1. Ignoring ligands, DNA and RNA, please state the percent of accessible area on the chain from carbon and sulfur, probe 1.4 Å.
2. How many angstrom lie between the C-alpha centres of the stretch 291-342 and the stretch 88-128?
3. Within the set Lys34/Lys80; Lys99/Lys226; Lys34/Lys56; Lys99/Lys210; Lys31/Lys80; Lys149/Lys193, which residue pairs have Cα atoms separated by over 21 Å?
4. What helices does the chain hold that run 24 Å or longer along their axis, going by alpha-carbon atoms, with a Kyte-Doolittle average of -0.5 or more, using DSSP H for the helix calls?
5. Taking the alpha carbon gyration tensor of the stretch 46-107, what are the square roots of 5 times its eigenvalues, largest first, to the nearest whole Å?
6. Considering only DSSP beta bridges where both residues belong to the chain, give the percentage that are antiparallel (nearest 5).
7. Give the lysines reachable from Lys269 as a straight Cα distance under 16 Å; neighbours fewer than 8 places away on the same chain don't count.
8. For the chain, report the convex hull volume of the alpha-carbon atoms normalised per residue, in Å³, without decimals.
Amino acid sequence: MRDYTRALVLTATMSLAMLVTAGPGQAQTLKAVKERGTLNCGVGQGLLGFSSQDDKGEWSGLDVDVCRAVAAAALGDPAKVTFAPLDAAGRFEALQSGKIDMLSRNSTWTMSRETSLGLLFAGVAYYDGQGFLVRRESGTDTALQLGGKTVCTQAGTTSELNLADYFRANDMALKIVQLATAEESRSAYDERKCDVLTSDVSQLYAERLKLAVPDAHVILPEVISKEPLGPVVRQGDDQWFNLVKWTLYALINAEELGVKSAGVDDALKSADPNIRRLLGTEGEFGAQLGLANDWAVRALRATGNYGEIYERNVGAQSRLSIPRGLNALWTKGGIQYAPPVR
């Protein structure tokens, strides 16, 4: 009975927290960001290609560029971002509590994270999936050979459940070593405390480069889950949700329309109505977001379009060299697709 009462209290507390988060007084994120003069953006603690710092403390990565694009759209300056490095366990609480204005930290869009945490995902910045990294010397060619192996995974992520589901569905014995952080998981694998490292495939590409001999390790071909990663905001502030969502969509639409950072000035002279609406030379779409009509121009000048962001951080121009795959535009064989600005 005590457990039942405790559960009722916990449920009531979470419901109250969600109501407070979603209340009218909280629907002022853009105003708060403008008054503060900086965007507080939650990012990862060091994932190459997505959010990492160099020896001078400068941030870079795909998730970082999403933050900068939103800052440019909202404040006119991509440098007006305060980056908050967050671990997996504390990332959503930081957003719920208002410590950050948005989260852009390789976080998977799931139903429960919206329905139980009072959050909203503002689109998909990167289509990913969970995979496995093994030592080349093991001779493992497929994940179906992993039965009985010890697997390192990061606690507090979707990887734990996916891992258990996959092994159970394929009637394989599973031994799990749970670590608090991605770094601890990689270190445990490198120290041979486990036979396999599992995470999103994009993260495995990054972690592989940090191992002593990267070429001694291979990523298996199986992808065992859907991991749509994207920026997250609190529920209850439709204006801010729309601003973050449409900034991401503007980057994707710009790639499809052939508008690059270096060609924005020429694009502003275009007669194409799709480009004109995107860049604010036709319509009042910026005003509908509470911004100037050149909001997308500011974002594009700051980071380039989605394709430029991808190639620079995780694609062919980066150390990771991850093929576009699902993240190619829908017109190029992928599934990246943005609703139109109209």
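The values are calculated or read from the model by the stated rules, or taken from the named source; none is laboratory data. Note that the coordinates shown come from a computational prediction; the quantities given were computed from them, not determined experimentally. Here Cβ is always computed from backbone atoms with ideal geometry, including for glycine, and neighbour counts include all displayed protein chains. Only protein heavy atoms, including side chains, enter the accessible area calculation; ligands, DNA and RNA are left aside. Shrake-Rupley method; radii C 1.70, N 1.55, O 1.52, S 1.80 Å.
1. Working: 8230 of 15790 Å².
Taking all protein chains in place, the chain shows 52 percent carbon and sulfur surface.
2. Each part reduced to its Cα centre gives a spacing of 21 Å.
3. Working: Lys34/Lys80 10 Å; Lys99/Lys226 29 Å; Lys34/Lys56 27 Å; Lys99/Lys210 31 Å; Lys31/Lys80 15 Å; Lys149/Lys193 11 Å.
Table pairs above 21 Å Cα-Cα are Lys99/Lys226; Lys34/Lys56; Lys99/Lys210.
4. 2-22, 238-257
5. For the stretch 46-107, the semi-axes come out at 18, 16, 10 Å.
6. Working: 19 of 34 bridges.
Within the chain, antiparallel bridges account for around 55 percent of the total.
7. Partners within reach: Lys260.
8. Measuring per residue, one finds 149 Å³ for the Cα hull of the chain.
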